[in-house]
Amino acid sequence: MARSFLDKLKRGLFMTHTEFLERAGEAFRRIGPIAPEHLDRVEEALIAADTGVDLSLRLADELRSRVKAGELTDSSELRPALRERLLALMERAERAHPPAAPAVRPKVTLVVGVNGTGKTTTVAKLAKRSREAGSGVVLAAADTFRAAAVEQLAVWAGRVDVPVVSQAEGADPAAVVFDAIAFARARGLDEVMVDTAGRLHTRANLMKELEKVRRVAAREVDGAPHEVLLVLDATTGSNGIEQAQRFGATAGVTGVVLTKLDGTAKGGVILAIADTLNLPVRWVGVGESIDDLLPFNAGEFVGALLETGP
């Protein structure tokens with residue numbers, strides 16, 4: 001099973017990996033002294049992968065400093081050195097926001113983001129994962145404004161065999177969350193996963209609505225919401241950073257779900273998120289199937305990105 005996950009991750013990163021190696025591959029594969037142009041190619045490859053200009057320049061400059069100091073002398077040492085640095089970057093973000101392990105039930109997870117990122121399908125995929133791990137889950141249909149949003153969530157819930165708590169269109173999303181927590185308690189369920197309305201991070205009234213949802217959850221369950229997952233579309237690349245900054249300030253984001261990774265060469269945004277926001281990526285979407293949401297593993301990601309092949 002672990003092997004199939006790694007294979008899916010590699011397929012999902014194919015475009016990013018291919019673009020990266022087209023630019024930096026020769027610098028990694030050759031044997032001999034490290035020339036300035038090799039480090040330039042690594043820098044260009046990081047920028048092209050949407051790692052972010054500032055981070056890309058900083059990483060390349062760190063490699064240049066190590067070469068100048070005599071710590072790196074052969075081109076074959078570049079890939080391991082970059083791998084070590086990228087892993088350290090992501091592990092720092094993971095330490096800042098370790099996975100939630102609440103002492104009381106139910107665990108409350110808010111799933112937030114702008115429209116079109118795959119938020120509702122992500123909620124269903126997360127619910128399936130939790131069910132397979134033995135947890136009882138209820139979904140809260142807190143998107144009460146988008147037409148047919150409740151029906152869409154109900155269809156997905158039926159596919160993964162979990163209940164949905166909802167109210168009439170236009171109802172207060174915080175009231176839906178209140179009811180879902182009461183539902184979970186009455187039935188001894190372990191988790192409440194909240195599908196919130198897609199909203200622009202620039203809409204102050206909608207962001208205040210999220211604050212209210214958080215307050216209600218905190219009042220009903222100690223420490224809730226225990227996890228706030230921001231769903232970002234990988235195809236937006238570093239443009240998603242501003243979204244994450246705004247949502248982080250209002251919703252208290254603890255981790256990121258990166259969808260549509262299989263449709264972009266901008267997978268380096270994972271590194272930009274870790275560096276700029278100090279947020280870990282929890283899950284990555286690499287396809288449309290219900291099983292194509294993978295638990296993120298920093299080591300596998302860096303390996304799939306930098307692997308040069310035969």
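The values are calculated or read from the model by the stated rules, or taken from the named source; none is laboratory data. On a predicted model such as this, the values are computed, not experimentally measured, just so you know. Please note: Cβ atoms are built from the backbone with ideal geometry, for glycine as well, and neighbour counts cover all protein chains shown.
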**Request:** Find all pairs meeting these conditions: Cβ atoms under 7 angstrom apart; at least six residues apart or on different chains; first residue within segment 250-264 and farther than 19 Å from Met15 by Cβ; second residue of a type in the set (Phe, Trp, Tyr) and not in a strand (DSSP E or B).
**Result:** Val253/Phe247
**Item:** Filter result (assigned to a helix (DSSP H, G or I), among the acidic types (Asp, Glu) and farther than 19 Å from Ala251 by Cα) within segment 73-126
**Value:** Glu77, Glu84, Glu91
**Prompt:** Quick check, is Pro80 closer than 30 Å to Thr51 by Cα and surrounded by fewer than 21 Cβ atoms within 10 Å (Cβ to Cβ)?
**Reply:** yes
**Message:** Looking at Glu169, Glu151 in this structure, which one is more than 14 Å from Glu220 (Cβ to Cβ), over 24 Å from the mean Cα position of the chain (by Cα), acidic (Asp, Glu) and assigned to a loop (DSSP other than H, G, I, E, B)?
**Reply:** Glu169
**Message:** Return the residues of segment 197-213 that are modelled with pLDDT of 90 or more and surrounded by 20 or more Cβ atoms within 10 Å (Cβ to Cβ); say none if nothing qualifies.
**Reply:** Val213
**Evaluation of Ser75 against (1) touching a Gly at 6+ places or on another chain (Cβ under 9 Å); (2) polar (S, T, N, Q); (3) free of Cβ contacts under 8 Å to residues at least 40 places away in the same chain (one fails), failing number** = (3)
**Item:** One residue from Ala251, Ala272 being in contact with a helix residue (DSSP H, G or I) (Cβ under 8 Å, 6 or more places away or on another chain), of a type outside the set (S, T, N, Q), closer than 23 Å to Val213 by Cα and buried (at least 22 other Cβ atoms within 10 Å of the Cβ)
**Value:** Ala251
**Asked** Which of the residues spanning segment 135-157 are of a type outside the set (S, T, N, Q) and touching a residue at least 40 places away in the same chain (Cβ under 8 Å)?
**Response** Gly136, Val137, Val138, Leu139, Ala140, Ala141, Ala142, Asp143, Phe145, Arg146, Ala149, Leu153
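Quick grid of which residues meet (1) modelled with pLDDT of 85 or more; (2) surrounded by fewer than 17 Cβ atoms within 10 Å (Cβ to Cβ); (3) under 30 Å from Arg219 (Cβ atoms); (4) under 18 Å from the mean Cα position of the chain (by Cα):
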| residue | (1), (2), (3), (4) |
| --- | --- |
| Phe20 | no, no, no, no |
| Arg29 | no, yes, no, no |
| Glu37 | yes, yes, no, no |
| Val67 | yes, no, no, no |
| Ser76 | yes, yes, no, no |
| Glu84 | yes, yes, no, no |
**Message:** Take Leu279 and tell me if it is within 30 Å of Ala81 (Cβ to Cβ) and at pLDDT 85 or above.
**Reply:** yes
**Prompt:** Pick from Gly134, Gly118: which is at pLDDT below 90 and within 30 Å of Ala218 (Cα to Cα)?
**Reply:** Gly118
**Asked** Among the residues of segment 230-238, is there at least one that is touching a helix residue (DSSP H, G or I) at 6+ places or on another chain (Cβ under 9 Å), over 19 Å from Ala49 (Cβ atoms) and modelled with pLDDT of 80 or more?
**Response** yes
**Request:** Among the residues of segment 245-271, write down those that are closer than 15 Å to Trp283 by Cα and in a helix (DSSP H, G or I).
**Result:** Leu261, Asp262, Val269, Ile270, Leu271
**Request:** Please determine, by comparing only the residues of segment 42-65 that are among the hydroxyl-bearing types (Ser, Thr, Tyr) and modelled with pLDDT of 90 or more, which one is farthest from the chain's Cα centre (by Cα).
**Result:** Ser65
**Prompt:** What number of residues within segment 46-72 are in a loop (DSSP other than H, G, I, E, B) and either among the acidic types (Asp, Glu) or in contact with a Ser or Thr (Cβ under 6 Å, 6 or more places away or on another chain) (or both)?
**Reply:** 4
**Candidate set from segment 239-263 (those that are among the polar types (S, T, N, Q) and in contact with an Asp or Glu (Cβ under 8 Å, 6 or more places away or on another chain)); member that is modelled with the highest pLDDT** = Thr254
